[in-house]
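First comes the structure, then the notes that go with it.
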Amino acid sequence: MPATLASKLATQLSRALIGKPEVVRFLITGLFARGHVLIEDLPGLGKTTLARALARAVGCDFKRVQFTPDLLPTDIIGTSVYRQQDGTFEWREGPIFTNILLADEINRATPRTQSALLEAMSEQQISAEGETRKLSRPFFVIATQNPIEHAGTYPLPESQLDRFMLKFEVGYPGAEDERRILQEHAAGDTLQGVERVLTREEVLVVQEAVKKVRVEQSIADYILEIVNETRVHPKLVAGASPRGSVALYRAAQAWALIEGRDFVVPDDVKALAVPVLSHRVIERASFDRRGGKAGQEIIRKILNKVAVSA
C-alpha cells in the first residue's frame with residue numbers, strides 16, 4: 001500500500017514538475033522519512049511550484065515564507081501581542097505552525113533568522129517567551145535557495161545545513177520537456193491538474209511504516225563505513241556528523257518502501273548518499289565549502305571505494 005501511495009503521489013507531482021522524476025522521488029523520500037529538504041538552483045526552475053504541488057496532493061496545511069534580509073525570527077515562529085482592552089498578551093502563531101512550510105530563498109535572510117528554524121526542524125517544537133509549543137504532524141520544511149554566488153545571499157549556518165535530510169538541484173529541463181512546459185502553461189495553471197491522492201493521516205501512517213523497514217547489520221555497517229570515510233578523507237576538513245548517518249539510514253528505509261520493499265539493499269544507500277551527505281562535509285578548497293560539486297564528487301568516489309560487508 002505505501003508503494004502505491006508513493007506512486008500516485010509521484011504521478012501528481014510530475015504534472016507540476018515535468019521531466020524530473022528523480023527530484024520528485026527525493027522530495028517524497030524526505031517527506032516519508034520525516035526529514036526536511038533543501039533545493040538549491042537558479043530561479044524559475046519550478047522549486048516553489050513543486051512545494052505547492054506536494055501540499056495540494058497530500059491534503060496538508062501549507063504556508064510559505066519569503067525570506068528577505070529584513071525578516072525577523074518572530075515573523076516565522078510568532079509573537080505575543082498586547083490586548084489593550086483587557087491588558088493581557090495574546091500569542092499569535094507564525095507560519096511555522098503548519099504541516100508543510102516552504103522557506104523560499106532561505107539564504108536571503110540573515111543567519112539569525114535562518115536559525116529560528118533549528119529547534120522546529122529537529123524537535124518539531126518551538127520555544128518562545130518561556131513556553132514550548134508543539135508543532136503539527138507531519139511537519140515538513142521545503143527550503144529553496146539560490147546559488148551562494150548570487151547577490152544578496154548569506155551562507156546557511158552549518159548547524160542549519162545539517163538539519164536538512166536531503167539537498168539536491170532541479171536543473172534545466174530537456175528540450176522535449178520544456179516544450180511540454182510551454183504547452184502546459186499556455187493551457188493554464190499547472191497546479192490545476194494536481195489532484196489530492198493522500199490525506200494527512202495517510203502520510204503519518206506511511207511515516208510509521210518507514211520505521212519498520214528492515215535494515216540488516218551489513219547495510220548499517222555499510223552506511224557507517226561511508227560516513228567514516230568522509231571524516232578521514234584528505235580533501236575534507238570535516239566529514240558528516242552522526243546526524244548524517246541517521247539521515248542516510250532513515251532515507252534508505254523510505255526509498256526501499258517507495259520501491260515496494262520492506263528491507264533496504266545497498267543500491268538504496270548508493271542512490272541517496274550524495275544528496276544526504278554532500279552538504280554535510282566541508283571541503284578544503286571550495287567557494288562555499290559545503291554542498292558544492294567537489295563535495296558531491298568526493299562522495300561518489302567514496303561509494304566506489306567502500307564495499308558492502310558480507
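The values are calculated or read from the model by the stated rules, or taken from the named source; none is laboratory data. Owing to the predicted nature of the structure, the values given are computational and were not obtained by experimental measurement. We place every Cβ from the backbone using ideal geometry, glycine too, and count neighbours over all the protein chains shown.
Summed over the range 80-89, residues that are exposed (fewer than 10 other Cβ atoms within 10 Å of the Cβ) and closer than 22 Å to residue 134 by Cα total 0.
Remark: pairs (first residue in the range 153-170, on the phi < 0 side of the Ramachandran plot and modelled with pLDDT of 90 or more; second residue among the small types (Gly, Ala, Ser) and assigned to a loop (DSSP other than H, G, I, E, B); Cβ separation under 7 Å; 6+ apart in sequence or on different chains) = 165/33; 165/35; 166/35; 167/291. Of everything listed in (1) in contact with a Ser or Thr (Cβ under 7 Å, 6 or more places away or on another chain); (2) part of a helix (DSSP H, G or I), the single unmet condition for residue 240 is (2).
If you check every pair at least six apart or on different chains, which have Cβ atoms under 8 Å apart with a residue in the range 19-35 that is closer than 22 Å to residue 190 by Cβ and outside the structural domain of residue 254 (by TED's automatic domain parsing) first and a residue that is of a type in the set (Phe, Trp, Tyr) and modelled with pLDDT of 95 or more second? Note: pairs meeting the criteria are 25/255; 30/140; 31/140.
For every residue, the table says whether it meets (1) surrounded by fewer than 13 Cβ atoms within 10 Å (Cβ to Cβ); (2) out of contact with any helix residue (DSSP H, G or I) (no Cβ under 6 Å at 6 or more places or on another chain); (3) under 29 Å from residue 159 (Cβ atoms).
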site	(1), (2), (3)
174	yes, yes, no
182	yes, yes, no
197	no, no, no
203	no, no, yes
214	yes, yes, no
227	no, no, yes
238	no, yes, yes
242	yes, yes, yes
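Can you tell which of 148, 142 is of a type outside the set (S, T, N, Q), closer than 24 Å to residue 27 by Cβ and at pLDDT 90 or above? After applying the criteria, what remains is 142. Of all positions in the range 213-235, none carries a residue that is of a type in the set (Ser, Thr, Tyr), modelled with pLDDT of 90 or more and either part of a loop (DSSP other than H, G, I, E, B) or within 19 Å of the chain's Cα centre (by Cα) (or both).
Among the residues making up the range 229-252, those that are in contact with an Asp or Glu (Cβ under 8 Å, 6 or more places away or on another chain) and under 24 Å from residue 210 (Cβ atoms) are 241, 243, 244, 252. Looking at the range 63-122 only, could you name the residues that are among the hydroxyl-bearing types (Ser, Thr, Tyr) and assigned to a strand (DSSP E or B)? Within the range 63-122, 79, 80, 82, 88 qualify. In the condition set (1) under 30 Å from residue 43 (Cα atoms); (2) in a strand (DSSP E or B); (3) not aromatic (Phe, Trp, Tyr), residue 132 is compliant with all but (1).
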